1. Residue-wise, which Karplus ³J(HN,Hα) couplings in Hz belong to segment 37-47, taking 6.51 cos²θ - 1.76 cosθ + 1.60, θ = phi - 60°, and x for glycine or proline?
2. Placing one identical point scatterer on every Cα of segment 44-90 and ignoring solvent, what is log10 I(q)/I(0) from the Debye formula at q = 0.15, 0.22, 0.28, 0.30 Å⁻¹?
Amino acid sequence: MAISGIGSFSLNQFPIGDKLSASAKEKLGGDPVHEFLEYAQKSPAERLRASILKEMGLTEEELDQMDPETLKQVEKAIAERIKEKVEESQGPTGVFLDVTV
């Protein structure tokens, strides 16, 4: 049995970002489709850095405006936090498990 007349379906038929009003985009903090695409194109390291900057309440633009000494201290704090997050994600090491039955 064949079903006819349905046609093809494409997500491109529904460009959500184009349908949002200017006030909706403003409430969301910009164009969510554009923001998602920017996020998706980042490497895992860039995403981790961005999340740490967000936790610290900073942006890359603010880092660009810092004096060299302050920037050095902030970059050191970011590197330490990245190291902590990586160590947390690795879990415990040196654990021995005896699974005799």
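Read the figures in this text as sums done on the coordinates, not as results from a lab. It should be emphasised that the depicted structure is a prediction, and the values quoted were computed from it without experimental measurement.
1. 4, 4, 5, 5, 7, 7, 6, x, 5, 5, 5
2. Results for segment 44-90 at q = 0.15, 0.22, 0.28, 0.30 Å⁻¹ read -0.38, -0.77, -1.11, -1.20.
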